[in-house]
Structures are given as C-alpha cells and as structure tokens.
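Here the structure is laid out as structure tokens; the discussion comes afterwards.
The values are calculated or read from the model by the stated rules, or taken from the named source; none is laboratory data. In this text, all values refer to a predicted model and were calculated from it rather than measured experimentally. Here Cβ is always computed from backbone atoms with ideal geometry, including for glycine, and neighbour counts include all displayed protein chains.
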C-alpha cells in the first residue's frame with residue numbers, strides 16, 4: 001500500500017516470532033529487513049539476543065552483538081546482561097567477566113541483574129574471591145544487592161558446606177533492610193540439612209512462618225527428605241501429612257522421597273499405600289521412582305521382580321539412567337545372577353547406552369566373585385578401549401582378587417597402571 005514499516009512494526013514482528021519459539025524465522029526476517037536497508041534499534045536486538053540465549057545459542061548471540069556495533073547501534077545493558085547471564089549458565093564465567101569489562105569500556109553501566117548473573121556464575125564454579133570482588137564493585141556504583149543477590153550467595157555457600165558464611169550473609173541481608181523471602185529461607189534450610197543439622201533447619205522453617213511467610217512445597221520437600229535421612233521416619237510422615245492442612249499438593253519429588261524413605265526404613269506396607277495414593281492422584285512415576293523400587297527389590301533379594309521391573313521401564317519408553325544400570329547389575333551380581341547381569345550389560349552396550357565407571361565396576365566385581373578373573377581383566381581393558389578410565393575402586397577390586405589367587409605379577413602390573421592413571 002506504499003507505507004513503510006517503522007522500527008516498532010518490525011520489532012513487534014521479531015518479538016512475535018521469538019515468543020512463539022520461531023527464532024530461526026526471526027533471524028531470517030532480520031537478515032531480510034537489514035538487506036532492504038531498514039534500521040533496527042537496541043530493543044529489536046535485545047529480543048533476538050534473548051531468543052538465541054534461551055535456545056542455548058550464546059555464541060550466535062555474541063555474533064549478533066558484534067553486528068550491532070557494525071550497524072552503529074549501541075548495545076544497551078539488557079543486551080549485555082542477557083549474554084553475560086547465558087555465558088555464566090554455560091559455565092563460561094571468565095568469558096562473561098570479559099564481556100562485563102568490555103561493556104564498561106563502551107560506557108554502558110551494569111545493573112543489579114548483570115551483577116547477580118556474575119555473582120551466581122562465580123559461585124557456581126567455586127570462585128568465591130571473584131564473587132566477592134564483583135559484590136565489592138556494586139556499592140561504589142550505587143547499586144545495592146537485592147533479595148536475589150543474597151539468595152544466590154546463601155544457596156551457593158550452603159551447597160559448598162559453608163553454613164557459617166551463609167549465616168553471615170543472611171544476617172547481612174537482614175541488616176541491609178532486605179527482607180528474606182521463601183527462596184532465601186529454603187536455601188538456608190537446605191544448607192543445614194546437608195550438614196545433617198535438622199534441628200537448626202526446623203528452627204529456620206519456624207522462623208520463616210513467624211515472619212509471615214508461607215512455606216512452599218519445596219520447603220517441605222527439604223525437611224521431609226532430611227528427616228528420612230536422619231531416620232526420623234515419624235517426623236517425616238507428620239510433615240507429609242501437614243501438606244494437606246496447608247493446601248499444598250505433593251508432587252512426584254515428594255512421593256519419591258517418601259517412598260524411598262519408607263522402603264529404607266522397612267515400612268513396606270506403608271510405602272505400598274503411598275504408591276497407590278500417588279497413582280490415585282494421577283501422578284505418573286518417573287525414572288527416579290522406578291530406581292527406588294529397583295533398589296528395594298535388589299536389596300531384598302527379589303531379583304526376578306527387579307528384572308521384570310527393568311523390562312517394564314524399557315517397554316514403557318522410559319530412558320534408564322546410570323543409577324538404573326548400576327543398581328540392577330550390582331544387585332544381580334551380588335545375588336549370584338552373573339549370567340543375567342552380563343546379558344543386561346551387553347544389551348545396554350548394544351543399544352548404545354553410555355555406561356559409566358560404576359556400572360563397569362559392578363560387573364567386574366561380579367566376575368571376580370565368581371573367580372572369572374580373566375573375564376574381569378578383559379572387561380577392564382574394554383573399558384579403557386571405550387575411552388573410560390577406571391578409578392581406584394575398580395583397580396583395587398581386581399588387584400585384591402588377583403592377590404588372593406596368588407597372581408602377584410598380574411596384580412603388580414595393574415597397581416602400576418593405576419598409579420599411572422592417578423598421576424596423569
């Protein structure tokens with residue numbers, strides 16, 4: 001009709017394509033309109049950058065950033081922060097920090113979102129000094145840590161086992177007039193639970209409620225899981241029942257935790273009741289549920305049930321994970337079903353499953369127990385042939401059995417090989 005679209009029109013179309021996961025079409029459209037001489041602004045580029053980063057195409061987003069500079073469009077804080085966040089999530093924290101320095105050199109001031117991404121990134125890779133340096137750069141720029149910043153630090157410190165440092169950050173948060181939210185309390189609770197200090201975790205839980213915050217399902221999952229680990233089965237079940245009074249609906253994670261805890265506490269009938277309840281609620285068992293049941297069958301010596309369950313997992317289209325293979329093969333080997341274990345092991349290899357060192361070690365141990373040391377050694381060699389390095393446990397199992405059978409020379413060679421791998 002003779003009207004020329006404005007940058008707003010073009011940006012709206014790009015946004016619509018990206019919003020509907022058609023980032024590829026959005027990029028084709030971008031190439032087309034740039035070729036026709038239309039000028040785009042930093043908002044359009046920000047939308048494209050965000051779309052690429054969400055697809056995991058961070059390098060393409062960086063190329064787009066370079067295109068902005070060529071097209072004389074100055075990237076804004078949103079574009080830089082989006083890419084910095086994506087790089088941090090990819091574990092490329094040093095690259096993210098370089099981009100942050102480049103951003104400052106180009107006269108673009110970082111905001112709290114930029115800093116949060118960097119702090120989170122450095123914490124995830126355990127670079128605490130760099131995380132503290134980034135925090136120290138915020139205040140001089142009159143950018144104050146927000147709830148998310150503190151929650152990141154508390155969570156990361158707790159996961160690293162540094163609960164005292166996490167407490168200090170939590171106290172600093174309160175002093176800086178930042179009100180801790182449920183996420184922060186959950187992180188602190190989880191930290192205490194990881195150090196088996198469930199009493200302190202429960203106190204944090206109670207303090208959260210006293211401060212007017214409603215615990216989430218995740219809060220309960222943390223405490224239920226910790227209670228079972230500490231063999232506090234009745235307390236765990238009381239927490240599970242409490243969910244109903246708070247109008248919280250258990251999810252598969254909750255049920256898995258309860259089923260696992262009950263089975264390990266030998267409360268079989270109670271675990272069966274929970275499994276029925278889970279199905280009645282319309283929740284579908286996941287691979288973790290199956291692994292829990294598989295482990296229980298193997299430990300109880302119900303190996304036929306374990307094999308049947310494994311076939312059911314495969315037939316229902318579930319993807320068995322490393323835990324599935326290890327539990328089943330280890331259970332079969334320990335239960336004297338070496339032939340069945342070997343059949344399943346070969347089936348998994350034939351189907352292209354990537355078996356890890358734990359699965360190989362379980363199979364090797366099975367061979368050794370039956371006195372089949374040549375087969376165990378052949379599997380060890382095959383393991384290295386598949387690019388998988390045995391660990392010290394794998395070597396020690398074979399070496400022990402070789403020594404028991406007076407095959408000292410072979411044991412000595414394996415010991416030498418183990419030391420070579422450890423030194424490399």
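Of these, 294, 309, which one is buried (at least 21 other Cβ atoms within 10 Å of the Cβ) and either at pLDDT 90 or above or more than 25 Å from the chain's Cα centre (by Cα) (or both)?
Every option except 294 fails the conditions.
As an exercise: evaluate residue 87 against (1) over 14 Å from residue 31 (Cα atoms); (2) surrounded by fewer than 24 Cβ atoms within 10 Å (Cβ to Cβ); (3) touching a residue at least 12 places away in the same chain (Cβ under 8 Å); (4) under 30 Å from the mean Cα position of the chain (by Cα) and give the number of the one condition it does not meet.
Residue 87 satisfies every listed condition except (2).
If only one of 132, 94 is modelled with pLDDT of 90 or more, under 25 Å from the mean Cα position of the chain (by Cα) and surrounded by fewer than 17 Cβ atoms within 10 Å (Cβ to Cβ), which one is it?
Only one candidate passes the filter, namely 94.
Counting residues that are more than 21 Å from residue 296 (Cα to Cα), which helices (runs of 4 or more DSSP H) fully inside segment 319-387 reach at least 2?
Passing ranges, in order: 338-350, 357-369, 373-385.
Within segment 276-287, count every residue that is buried (at least 18 other Cβ atoms within 10 Å of the Cβ) and assigned to a helix (DSSP H, G or I).
The number of residues fulfilling the criteria is 1.
Which residues, taken from segment 230-269, are surrounded by fewer than 17 Cβ atoms within 10 Å (Cβ to Cβ), touching a helix residue (DSSP H, G or I) at 6+ places or on another chain (Cβ under 8 Å) and assigned to a helix (DSSP H, G or I)?
242, 252, 253, 268
Which count do you get for residues in segment 34-61 that are part of a helix (DSSP H, G or I) and surrounded by fewer than 18 Cβ atoms within 10 Å (Cβ to Cβ)?
7
Counting just the residues of segment 394-424 that are under 31 Å from the mean Cα position of the chain (by Cα), modelled with pLDDT under 90 and part of a helix (DSSP H, G or I), which one comes out farthest from residue 370 (Cα to Cα)?
Taking the candidates together, the pick is 423.
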